[in-house]
Structures are given as C-alpha cells and as structure tokens.
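S.K.: Just passing along the structure, written as structure tokens.
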Amino acid sequence: MTARDNELGVFLRASRARVNPADAGLSGGVSGRRVRGLRREEVAVLAGVSADYYARLEQGRERNPSAQVIGAVGRALRLAPDAREHLYRLAGLNPRLGPDSPRDEVHPDLLRLLEAFPRAAAYVLGPAFDVLAVNPVADALLSPFGDERNMPRILFTHPAAKTVFTDWELLRRSTVHALRLNAGRFPNDAGITSVVAELSAVSPEFSALWDDHDVGGLTRAFKVFVHPRAGRIELTYQTFDVLDAPGQLLLAGTPEPGSRSEEALTYLASTAEPA
C-alpha cells in the first residue's frame, strides 16, 4: 500500500513522531528510543485501544474506525483542533462536498463587503489559496507579485516574496499547513492537486513541508509587508469562513489606528486604480 493510498496512516505516524513522551505523561523521556516521539504501543495505551488495532489503523488495514476511537487517538496524539478535524476527515468521518460546490465563485454580496473595508486590505481566498477577489487596497498591496494570485506559488516561486514578507519562512510553513488541511477537507479539488504537484516538483522546501503532514488553519495573524512604494506596513489579519461557499475565506488586514502603517495603507489606497 502506497502513502497516497494510506494518508491516514502517514498522518498518524507523522503526528506521533512530534509528541514528546514526557508531554504525554510517559516516564523515561527519549533516551534509548529508536524512534522519535511515541511508539505505536504507547499511542494505543493512551487511546484505550489494543496495540494490534492501532497497528492495523496505522497500516491502513482498519478502514472503518469509529468516531470514538478517532477522538481518543487524536487526544492521545495531543492534536490541536485543526489537526483533529483533519484526522477525522482522513478517517472518512466527515461530510464531503460534492463536485458542484461553488468554491471559485464569489457571491456578489461578498464582493460588496470587500468594498466596505476602505482602510483595510481585504481579499477572498479559494481552497487552493488563489486570490479570487480583492478590494483596491489589497490589490495595491499585492501589486509586487504582478499577475500571480496564488499565495503558495508566490511564497515558493516568486522572487519578490522574500523581500515583501519579513516573516517569509513562518508564512510559508503556515500556508503549507493550511493547504494540507484543505486537501483533507476537499480531497477532489483540482486546484489543490495542481498546485501541490507543481510546487512539489520545483521546490524542495515546499516538498519537505508538505511531507511533514502538519496541519493548521489560517487564523488571526500579524503580518509585516515591505512594499516597494509604501515601505513597511504592519497589519493584523482576521480570517472568516464564507458559509455560502465552503472552502472560501475572507481575510481583512487592518493597521494600528494612527500608525505609520495606517498612513502607508492610506497612501496605497489613494494610488489604487478604481475597480
């Protein structure tokens, strides 16, 4: 069985390798261990299942685990909420969207909402983190990347990314983790499949982060841009799920009132071309 056929097993192995035995309440630390993190038998004990059952689950021989078992395994592995959700989905315990779900069409009401953020950089992302819609401020803020509007491609292939984003490495990690989470939510999404295949082929850094099987959502974040025309801009981003279009996210970045960043954003807004 290949890793692609057993995504659940790959995720379980990667997750238990990240758990410090001491953090899980196990004595003895890590000395003398041949593997990083927890052993299979230790996960089984912590989850309250037999070692044989957990081994079959990790090897892909157990295909119908219950929600109770998966919940117990997630707790044993000390998974964060996003990672627990990902675990449930890999185990087939989630409702999956059909192929006709409108993941790339932005509702007119949402487009109007973008314009309601005159002093913020607001945009809508699709499941593969394509920028589907922007307000004028966000359009100006992303202008150093030209016509490229896929955030993973920008972060891993665009020459300006390292200059524009001061926390470039952190942003790349968090974006890959969130893309991995979306890959579990939308396993048949052609956009995600395409960008993962493309970046895995051209970027060893992306491939290494992707193969780490870590997951996490795009939550509230502080980002610093160094724009070629406006200079340093510090923004606090809030992320909102678009309920009418599962997979879409609305992001709005706002500066501290009265700050130099607010002045810079106002300048960008004044130079932005009307939509």
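The values are calculated or read from the model by the stated rules, or taken from the named source; none is laboratory data. Here the structure is a predicted model, which means the values were calculated and not measured. Positions of Cβ are backbone-derived with ideal geometry, glycine not excepted, and every protein chain shown enters the neighbour counts.
S.K.: Test Val137 against the stated conditions and say whether it is among the hydrophobic types (A, V, I, L, M, F, W, C), under 19 Å from Ala80 (Cβ atoms), in contact with a helix residue (DSSP H, G or I) (Cβ under 7 Å, 6 or more places away or on another chain) and crowded, with 21+ Cβ neighbours inside 10 Å.
M.R.: So Val137 fails the test.
S.K.: For region 161-179, state whether one or more residues are part of a helix (DSSP H, G or I), small (Gly, Ala, Ser) and over 14 Å from the mean Cα position of the chain (by Cα).
M.R.: There is at least one residue in region 161-179 that is part of a helix (DSSP H, G or I), small (Gly, Ala, Ser) and over 14 Å from the mean Cα position of the chain (by Cα).
S.K.: State yes or no: is Ala22 of a type in the set (A, V, I, L, M, F, W, C), at pLDDT 90 or above and more than 23 Å from Ser174 (Cα to Cα)?
M.R.: So Ala22 fails the test.
S.K.: Kindly list the number of the only condition in (1) surrounded by 18 or more Cβ atoms within 10 Å (Cβ to Cβ); (2) assigned by TED's automatic domain parsing to the domain that holds Val226 that fails for Pro65.
M.R.: Going through the list (1) surrounded by 18 or more Cβ atoms within 10 Å (Cβ to Cβ); (2) assigned by TED's automatic domain parsing to the domain that holds Val226, Pro65 breaks only (2).
S.K.: Let me ask another. Going through region 197-231 one residue at a time, which ones are in contact (Cβ under 8 Å) with a residue 60 or more places away in the chain and assigned to a strand (DSSP E or B)?
M.R.: If the condition is that a residue be in contact (Cβ under 8 Å) with a residue 60 or more places away in the chain and assigned to a strand (DSSP E or B), then Phe225, Val226, His227 are the ones that fit.
S.K.: In region 126-133, is there at least one residue being acidic (Asp, Glu) and either part of a helix (DSSP H, G or I) or buried (at least 23 other Cβ atoms within 10 Å of the Cβ) (or both)?
M.R.: Filtering region 126-133 down to residues acidic (Asp, Glu) leaves 130.
Adding the requirement that they be either part of a helix (DSSP H, G or I) or buried (at least 23 other Cβ atoms within 10 Å of the Cβ) (or both) leaves none.
Looking through region 126-133, none of the residues is acidic (Asp, Glu) and either part of a helix (DSSP H, G or I) or buried (at least 23 other Cβ atoms within 10 Å of the Cβ) (or both).
S.K.: With the requirement that a residue be under 13 Å from the mean Cα position of the chain (by Cα) and of a type outside the set (D, E, K, R), what does region 180-205 give you?
M.R.: The answer is Leu181, Asn182, Ala183, Gly184, Phe186, Ile192, Val196.
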